[in-house]
Amino acid sequence: MAVVWRDATPSVLHQRHCGRLLRPPRDPADEELHRHHTANLEQADALLFGRVTYQLMESAFRYEPTDPEPADPFARTINAAKKFVVSSTLRHVDWNAELVRGDLADAVRRLKEQPGDGLSVGGVQLPLALAELGLIDEYEFVVHPRIAGHGPSLFAGLSRYVELELTGSTRLGSGAVVTRYVPRG
């Protein structure tokens with residue numbers, strides 16, 4: 001099973017989490033981009049989150065079986081998805097999730113040995129650790145036609161270059177460009 005890192009879409013949710021709420025004149029996370037991210041979730045056999053991303057996503061998208069089903073396809077898809085959560089501080093998880101403990105490299109290698117097409121990993125710290133270990137098989141970046149000037153830096157602190165080979169790109173109607181890469185060698 002491959003590990004696929006997917007760039008997160010800047011959104012009001014992310015801006016709230018970072019402590020800044022900016023209301024752009026035009027939301028770069030348009031319907032086409034939401035469909036793209038939903039399709040990515042549907043293709044993944046499971047999601048791999050660190051504690052922060054898990055708690056952020058759970059607080060935004062979790063609903064109980066007794067709740068009315070959300071109209072948003074992304075919310076329905078992420079709610080139903082199998083999740084693995086890397087954390088040394090959480091005692092338990094639910095929301096279709098299982099804790100991953102112990103040595104990160106060993107744990108992720110065991111997950112990769114399971115049958116299936118892929119694990120989708122998001123966030124900031126966990127992807128950095130996985131890139132350091134050479135455990136990401138595909139990278140997807142979404143470049144938006146906007147400079148935010150704030151937020152986390154992706155892969156900040158990576159101790160080495162990761163040479164990438166472009167495998168595909170898609171231009172969205174909003175002007176955003178989705179690019180996909182695999183590590184060279």
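Observations on the structure shown:
- Cβ-Cβ under 6 Å pairs, at least 6 apart or on other chains, region 58-69 side under 26 Å from L90 (Cα atoms), far side in a loop (DSSP other than H, G, I, E, B) and of a type in the set (F, W, Y): E58/W95; R62/W95
- Those residues of region 165-185 which are surrounded by 12 or more Cβ atoms within 10 Å (Cβ to Cβ) and not hydroxyl-bearing (S, T, Y), in sequence order: L172, G175, A176, V177, V178, R180, V182, P183
- Test: residue in region 30-46 that is at pLDDT below 90 and assigned to a loop (DSSP other than H, G, I, E, B): yes
- If you go through region 136-163 and pick out every residue that is closer than 19 Å to L126 by Cα and aliphatic (A, V, I, L, M), you end up with 6.
Here's the yes/no breakdown for (1) touching a strand residue (DSSP E or B) at 6+ places or on another chain (Cβ under 9 Å); (2) at pLDDT below 95; (3) not β-branched (V, I, T):
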site	(1), (2), (3)
T77	no, yes, no
F84	yes, no, yes
A107	yes, no, yes
K112	yes, yes, yes
Q125	yes, yes, yes
L130	yes, no, yes
R146	no, yes, yes
E165	yes, no, yes
G168	yes, no, yes
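- Here region 126-164 is the region considered, the condition is being of a type in the set (D, E) and in a loop (DSSP other than H, G, I, E, B), and the residue that is surrounded by the fewest Cβ atoms within 10 Å (Cβ to Cβ) is E163.
The values are calculated or read from the model by the stated rules, or taken from the named source; none is laboratory data. Just so it is clear, the structure is predicted and the values come from calculations on it, not from any experiment. Because the Cβ atoms are built from the backbone with ideal geometry, glycine has one as well, and the counts that use them run over all protein chains shown.
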